[in-house]
1. Just to be sure before I move on: is ARG54 of a type in the set (Lys, Arg) and either modelled with pLDDT of 85 or more or surrounded by 10 or more Cβ atoms within 10 Å (Cβ to Cβ) (or both) in the structure I sent?
2. Give the residue that is modelled with the lowest pLDDT, with candidates limited to residues of the range 10-39 that are out of contact with any Pro (no Cβ under 9 Å at 6 or more places or on another chain), assigned to a helix (DSSP H, G or I) and surrounded by 10 or more Cβ atoms within 10 Å (Cβ to Cβ).
3. Within the group SER73, SER78, which residue is at pLDDT below 80, polar (S, T, N, Q) and surrounded by 11 or more Cβ atoms within 10 Å (Cβ to Cβ)?
4. What are the pairs, 6+ residues apart or on separate chains, where a residue within the range 64-88 that is over 11 Å from ILE34 (Cα atoms) and in contact (Cβ under 8 Å) with a residue 24 or more places away in the chain has its Cβ under 8 Å from a residue that is assigned to a strand (DSSP E or B) and hydrophobic (A, V, I, L, M, F, W, C)?
5. Looking only at the range 40-77, which residues are among the aliphatic types (A, V, I, L, M) and assigned to a loop (DSSP other than H, G, I, E, B)?
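The values are calculated or read from the model by the stated rules, or taken from the named source; none is laboratory data. Remember, it's a predicted structure, so these values are computed and weren't measured experimentally. Reconstructed Cβ throughout: ideal geometry from the backbone, glycine too, with neighbour counts over all protein chains shown.
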Amino acid sequence: MGYDSTVTDAVPPMEICDAHNLSREPAAAKPFGIRVSLPRGESFARLLGADWERYHWYATADERDAALEDMASEHRYSRRGDRPTLRFEAIDAA
């Protein structure tokens, strides 16, 4: 009995077999996001690239808004007068 590709190739791939084994929720379950990017002229763009951006996704708008407020604030370990130079933008998944 050999391998029959017509049988296995006809089976569609599973999206999630056992959801309880996931280490984090699928992105579809987190429709509220924060887009983090660099402002124009930021010197750090020479290292990351001018088009660098990062997305963080959250399950609720309240969770996202709390994280956004924290990201954009002066942190405990910031030096006096330091201000975040990243741009933070609240987004919703389309």
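1. So ARG54 passes the test.
2. Taking the range 10-39 first, the residues out of contact with any Pro (no Cβ under 9 Å at 6 or more places or on another chain) are 10-14, 17-18, 20-39.
This time we only want the ones that are assigned to a helix (DSSP H, G or I), so: 20-21, 27-29.
Retained after the next criterion (residues that are surrounded by 10 or more Cβ atoms within 10 Å (Cβ to Cβ)): 27, 29.
Details: ALA27: 58, ALA29: 79.
Here the answer is ALA27.
3. On the way: SER73 fails: at pLDDT below 80.
On inspection, the qualifying residue turns out to be SER78.
4. Listed pairs, sorted by first residue: LEU86/VAL36.
5. Taking the range 40-77 and keeping what is among the aliphatic types (A, V, I, L, M), we get 45, 47-48, 50, 59, 61, 66-68, 71-72.
Result: ALA50, ALA59.
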